[in-house]
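Please read the structure below before turning to the comments.
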Amino acid sequence: MRGNETVGLERTIENDPSELNARIEQVHRSLRSDDLQTRRDAGRAFRVAAEQNPAIIEPHCDTLVELLADRSGSVRLSGAIGFRELATTAPTTVAERVPELLVLLEDADAPAIQMAVVRALTRVGEHSLGTVTVADETTAGLLRTATPPIKAAIVTIFAGAVVADPEQFPETVAAMEDALDDEGERVRRYAAAALALIAKMDSSAVSSVEGIRERIEALEDRVTAHPWHSDETIEQAAETFRSLSDTGQT
């Protein structure tokens, strides 16, 4: 009977997110089910509620944490999306769950889950930077081992937190320097842009202004080797490091 209990639950919540509160006990029972589809449906009910009205799920953060620990990737993704959306409207609430989000980020290998968590951490960091500095080692690891879209997310989306206080993210800054040699062009160019912003904020946060300038200029030479090639992102990053070198910052 319980396997059929959630039939139409996701659609019901999608049509009226406020129904989540009325059906929360049903959701809890479903999440304890051994039936995978039942748990997935319950997770998606949270997902659609979060996407339409994040405030609806804020009282149910403990349940969101349960989603993160489920053995189903689909259910974990629903929890990650829930926190991603909630971080937009209630970053302080999500900040209390950063440890659980980091556990998921370290354990998950699904790019969709990783992306949702990176966005959640970024949004929390915009309001409470100190809360997400504990992610330094994890984000550095992702920048070295994850798929190209996740690497790009670290050097673009999450880079804002790093730029705000580079000294708190030494491992990630070092990984960004390594990313200048990444096999992905987008990762290289955005790493160069992030490092330029970091060096302007605090030149001592990078290993060597002069050394990075030379590496970025090598990238610049590669993309401008032909008259029809140009890359404004690389060119601006190179110009920033040339300017820093000219002022004696090494």
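The values are calculated or read from the model by the stated rules, or taken from the named source; none is laboratory data. Values in this document were obtained by computation on a predicted structure and should not be read as measured data. Every residue, glycine as well, gets a Cβ built from its backbone with ideal geometry; the counts of neighbours run over all protein chains shown. Surface accessibility is based on the protein's heavy atoms, side chains included, excluding ligands, DNA and RNA. Shrake-Rupley method; radii C 1.70, N 1.55, O 1.52, S 1.80 Å.
Only protein heavy atoms count here; on that basis, with a 1.4 Å probe, Glu85 has an accessible area of about 40 Å². Taking packing as the residue-averaged number of other Cβ atoms within 10 angstrom, the listed peptides 95-102, 75-82 run from highest to lowest as 75-82, 95-102.
Per residue, segment 9-146 exposes 43 Å² of accessible surface when a 1.4 Å probe is rolled over the protein heavy atoms with every protein chain present. Shown for the chain are the DSSP H helices of 18 Å or more along their axis, judged by Cα atoms, with a mean Kyte-Doolittle hydropathy of at least 0.0: 73-89, 111-127, 185-201. With a cut-off of 13 Å between beta carbons, the residues surrounding Arg123 carry a summed charge of +1, where Lys and Arg count +1 and Asp and Glu -1. Charged neighbours of Asp165, selected by a Cβ distance under 13 Å, balance to -4 (K, R count +1; D, E count -1). Taking other residues whose beta carbon is less than 13 angstrom from the beta carbon of Asp182, and scoring Lys, Arg as +1 and Asp, Glu as -1, yields +1. Rounded to the nearest 500, the 222 nm mean residue ellipticity of the chain from helices alone is -21000 deg cm²/dmol, with -39,500 (n - 2.57) taken per DSSP H run of at least 4 residues. Enclosing the Cα atoms of the chain in their convex hull gives a volume equal to 123 cubic angstrom per residue. Of the solvent-accessible surface of the chain, computed with a 1.4 Å probe over protein heavy atoms with every protein chain present, carbon and sulfur atoms account for 46 percent.
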